[in-house]
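S.K.: There's a structure below that I have some questions on.
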Amino acid sequence: MALKATVFKADIQVADMDRHHYADYSLTLARHPSETDERMMVRLLAFALFADPALAFGKGLCADDEPDLWQRDLTGVIERWIDVGQPDDKWVRKACGRACEVVLLAYGRALEVWWNGVRGRLERHGNLRVFELEREASAELGRLAERTMRLQFTIQDGHVLVTNGRDTVSLEPRKLTA
């Protein structure tokens, strides 16, 4: 019998001073049984960084042909494709052909090894932006995970503060590509 996804509810407030985007979102996240709290919270961070009423979560780990998040226009064209972690460069190149913009929010233990292995094949894509999260910051973010969350994301000059009212995580995604 297959294990079912665990449902998490997140009410988030986004104050993005870099994009002048200020909004509240009520989100439902399904965490795949093989997904960690850290990965799920990085997906939530990705939502906050690119928050838009049209941004939606994909099917996640169980679907190879869908991103973690994506934004489509009214005609179905994929405007923004967002993945987290260290995806296979083959899938990233395929995404670059399908979407106007592709964003990777990379994190994890072997991040430098992964990036050195895929960098040459990915940097030629003009519609790709890759950001890295420091290992400690993404781990701290994972510790904020609760089944029901109320989080505030404050974004200014590329710096992100995430708080649940008790704990605060400070991070600064660093751009790896032009």
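S.K.: Contour minus end-to-end for ARG150 and ARG121, with contour as 0.36 nm per residue of separation and end-to-end as the Cα-Cα distance?
M.R.: Extra length available between ARG150 and ARG121 comes to 6.5 nm.
S.K.: Which residues in the stretch 3-43 have a backbone N closer than 16 Å to a point placed 7 Å from the Cα of THR163 along the Cα-to-Cβ line?
M.R.: 12-17
S.K.: Can you give the helix-only mean residue ellipticity at 222 nm for the chain, where every DSSP H stretch with n ≥ 4 adds -39500 (n - 2.57) and the sum goes over all residues, rounded to the nearest 500 deg cm²/dmol?
M.R.: -7500 deg cm²/dmol
S.K.: With θ taken as phi - 60° and the coefficients 6.51, -1.76 and 1.60, list the Karplus ³J(HN,Hα) couplings across the stretch 135-142 in order, rounded to whole Hz; mark glycine and proline as x.
M.R.: 3J(HN,Hα) across the stretch 135-142, in whole Hz: 4, 5, 5, 5, 5, 4, 4, x.
S.K.: Right, another one. At a 10 angstrom cut-off on C-beta neighbours, averaged per residue, how do the peptides 20-28, 95-103 rank from highest to lowest?
M.R.: Details: 20-28: 12.0, 95-103: 18.2.
Put in order of decreasing packing, that is 95-103, 20-28.
S.K.: Follow-up. Kindly write out, for the stretch 4-9 in residue order, the coupling ³J(HN,Hα) from the Karplus curve 6.51 cos²θ - 1.76 cosθ + 1.60 (θ = phi - 60°), rounded to whole Hz, with x marking Gly and Pro.
M.R.: Computed from phi, the couplings for the stretch 4-9 are 8, 5, 9, 8, 10, 10 Hz.
S.K.: Which ³J(HN,Hα) values, rounded to whole Hz and listed in residue order, are derived for the stretch 76-81 from phi using the Karplus coefficients 6.51, -1.76 and 1.60 in 6.51 cos²θ - 1.76 cosθ + 1.60 with θ = phi - 60°, glycine and proline given as x?
M.R.: x, 5, 7, 7, 9, 10
S.K.: At 7 Å along the Cα-to-beta-carbon direction for both THR36 and LYS59, put a label point, then send me their distance in nm to one decimal.
M.R.: Distance between the two pseudo-spin positions: 2.6 nm.
S.K.: Once you put a point 7 Å from the Cα of CYS100 and another 7 Å from the Cα of GLU136, both along the Cβ direction, what distance in nm separates them?
M.R.: 3.9
S.K.: I've got another one for you. Would you mind getting me the FRET efficiency between ARG72 and GLU172? Use the beta-carbon distance for r and R0 = 25 Å, nearest 0.05.
M.R.: 0.30
S.K.: Right, something else. Residue separation times 0.36 nm, minus the C-alpha to C-alpha distance between THR28 and TRP91: what's the value?
M.R.: That pair, THR28 and TRP91, stretches by 20.1 nm at full extension.
S.K.: Right, here's the next one. Percent relative contact order of the stretch 1-50, based on C-alpha pairs within less than 8 angstrom and at least six residues apart?
M.R.: 36
S.K.: Only Cα pairs under 8 Å and at least 6 apart count here; give the relative contact order of the chain as a rounded whole percent.
M.R.: It comes to 23 percent, rounded to a whole number.
No value in this document is a laboratory result; all are computed from the given coordinates. These numbers come from a predicted model, not from an experiment. No Cβ is skipped: glycine too gets one built from the backbone with ideal geometry, and neighbour counts run over all protein chains shown.
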